[in-house]
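J.: Below are the structure tokens for one structure; questions will follow.
The values are calculated or read from the model by the stated rules, or taken from the named source; none is laboratory data. Please read these numbers as outputs of a predicted model, since none were measured by experiment. In this analysis, Cβ positions are derived from the backbone assuming ideal geometry, glycine residues included, and neighbour counts consider all displayed protein chains. Calculation scope for accessible area: heavy atoms of the full protein, side chains included, ligands and nucleic acids excluded. Shrake-Rupley method; radii C 1.70, N 1.55, O 1.52, S 1.80 Å.
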Amino acid sequence: MTGKLLRVPAAVVVLAAAVLIGWRVLAPAEVLEPATGALPVAVTRPPGVTGKTTMAPLIVAGSVRVYAGKRLVKADGPVEAKTMYTPRWSFRRWPEQLTGIVAVAATVVTRWSDGALVALDGRTGKPVWRAAGPGAEPFTGRTGSAAVWAPPGLHTAGTSVLITDGRQLIARAGADGTQRWAVTLPPGCGAGFVTAGGRYVCSSGAWDVLSGNPVRGWPAGPFTAIGCDVARSDCAGLRDGTGQGWLTGGRRPERVPALDAPDATAGGDLVLSASGGAVVASRAGSEVWRWTGAAQVLGVRAGRVVLLTPDRRLIVLDAATGAQRATFPLYVPDERVEPWTPDGWQLTDGYVAVQRLLPDSSFYTTDPVVIAAI
């Protein structure tokens, strides 16, 4: 057969090319596009609406907004930008799905459906560390609000990130991923949360976040966490299985009858009750101040109490005195003004981001998240 060309059917060539292309597209891969140019800086803005976004942001280090997609995490900035910008950085993993993200200082820890933990610098997107962990449920939702504000099995505790699948609880250093401790959780633990006093609490008990040692003397669950930051962390209080309220800013829970009311919440040692046409702040059983008007308490941060009124105005009060610091409608200028319901939010030292739903539970416009300086 020397001197004769081997003829390969065209169909075979096409099939081989298709297989090669399919492998390049579908093969496991990671794609990182880090940020270039100057880093955004945190700025202090006067109170008021700054913009709205299509996806729910996790505000990190007061300077960037991090978003969760089905198979990627990305960031833009500055926080006060009027809309979503071209990503400063992005990180994709195929075929895994993103299940949640948390931030420890400027480090963004991402968790994936195969259990992998990948930590990125929130300002640049550059990898910081990675580790294996227990598996997690895949991403759900269009805006990613659950993944950034209530990520399943992810919590923060000081400089640590806590990871759990309901059977095991692991603490890692946010800075470098070093495992600090790990414990096996008893059956029936369920979804947990981290208290402001440094305890991880679930229906089966409580554990110290510094050592992982079990802590005795807690009331019986199941619990309702009160006054939490994002990722069900830094929670100021709880209601136990009998509906009794407790402050959780100390090493042990403190019984506070004022927290028994379903509409009551807490921030630090301040108990806030919003009922009867007024918001009442009390401490150690005594009224500290009273703000007259109907409102929902969004939280307490940096010495400020943030309220949302039925006509969707944001009210900012001094936490110590109740004096009004700011008030403004929670709508973007020239945006249609219709009733909406808050569906999750993040409160930081300088900003609040709120996801809005219409009465029929659909999103309020194509950019349902409104962001405001407080």
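J.: Among the residues that make up the range 78-88, is at least one of them in a strand (DSSP E or B) and over 14 Å from THR143 (Cβ atoms)?
T.: no
J.: Filter the range 223-252 for residues that are open to solvent by less than 30 Å² (accessible area, probe 1.4 Å), more than 19 Å from SER273 (Cβ to Cβ) and in a loop (DSSP other than H, G, I, E, B) and give the result.
T.: Matches in the range 223-252: none.
J.: Here's a follow-up. Within the range 278-293, work out how many residues are open to solvent by 60 Å² or more (accessible area, probe 1.4 Å) and in contact with an Asp or Glu (Cβ under 7 Å, 6 or more places away or on another chain).
T.: Total meeting the criteria: 1.
J.: Regarding LEU347, is this residue among the aliphatic types (A, V, I, L, M) and within 18 Å of the chain's Cα centre (by Cα)?
T.: When the stated conditions are applied, LEU347 passes them.
J.: In the range 25-68, what residues are over 22 Å from VAL352 (Cβ atoms) and surrounded by 17 or more Cβ atoms within 10 Å (Cβ to Cβ)?
T.: The one that is over 22 Å from VAL352 (Cβ atoms) and surrounded by 17 or more Cβ atoms within 10 Å (Cβ to Cβ): ALA35.
J.: Out of curiosity, is VAL102 within 14 Å of the chain's Cα centre (by Cα), in contact (Cβ under 8 Å) with a residue 60 or more places away in the chain and assigned to a strand (DSSP E or B)?
T.: Here the answer is yes, as VAL102 does meet what is asked.
J.: Sticking with this one: Is it the case that the range 258-274 has a residue that's in contact (Cβ under 8 Å) with a residue 12 or more places away in the chain and at positive phi?
T.: Taking every residue of the range 258-274 in turn, at least one turns out to be in contact (Cβ under 8 Å) with a residue 12 or more places away in the chain and at positive phi.
J.: Give PRO186, PRO151 a once-over and let me know the one that is assigned to a loop (DSSP other than H, G, I, E, B) and within 18 Å of the chain's Cα centre (by Cα).
T.: Result: PRO151 is the single residue among PRO186, PRO151 that is assigned to a loop (DSSP other than H, G, I, E, B) and within 18 Å of the chain's Cα centre (by Cα).
J.: Would you point out which residue out of ALA281, ALA220 is over 25 Å from the mean Cα position of the chain (by Cα) and in a loop (DSSP other than H, G, I, E, B)?
T.: ALA220
J.: Quick check on the range 75-84. Is at least one of its residues among the hydroxyl-bearing types (Ser, Thr, Tyr), open to solvent by 40 Å² or more (accessible area, probe 1.4 Å) and modelled with pLDDT of 95 or more?
T.: Yes.
Yes/no matrix, rows are residues, columns are (1) hydrophobic (A, V, I, L, M, F, W, C); (2) surrounded by 15 or more Cβ atoms within 10 Å (Cβ to Cβ):
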{"residue": "PRO310", "(1), (2)": "no, no"}
{"residue": "LEU317", "(1), (2)": "yes, yes"}
{"residue": "PRO329", "(1), (2)": "no, yes"}
{"residue": "VAL332", "(1), (2)": "yes, yes"}
{"residue": "ASP343", "(1), (2)": "no, yes"}
{"residue": "PRO368", "(1), (2)": "no, yes"}
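J.: Same structure, new question: Check off (1) more than 18 Å from the chain's Cα centre (by Cα); (2) in a helix (DSSP H, G or I) for ALA146 and give me the number that stays unchecked.
T.: (1)
J.: Okay, next question. List pairs: first in the range 291-307 and over 17 Å from PRO262 (Cβ atoms) and free of Cβ contacts under 8 Å to residues at least 24 places away in the same chain, second part of a strand (DSSP E or B) and open to solvent by less than 40 Å² (accessible area, probe 1.4 Å), Cβ under 8 Å, 6+ apart or cross-chain?
T.: From residues that are over 17 Å from PRO262 (Cβ atoms) and free of Cβ contacts under 8 Å to residues at least 24 places away in the same chain, the pairs are THR292/ALA278; GLY293/ALA278; GLY293/VAL279; GLY293/ILE315; GLY303/ASP318.
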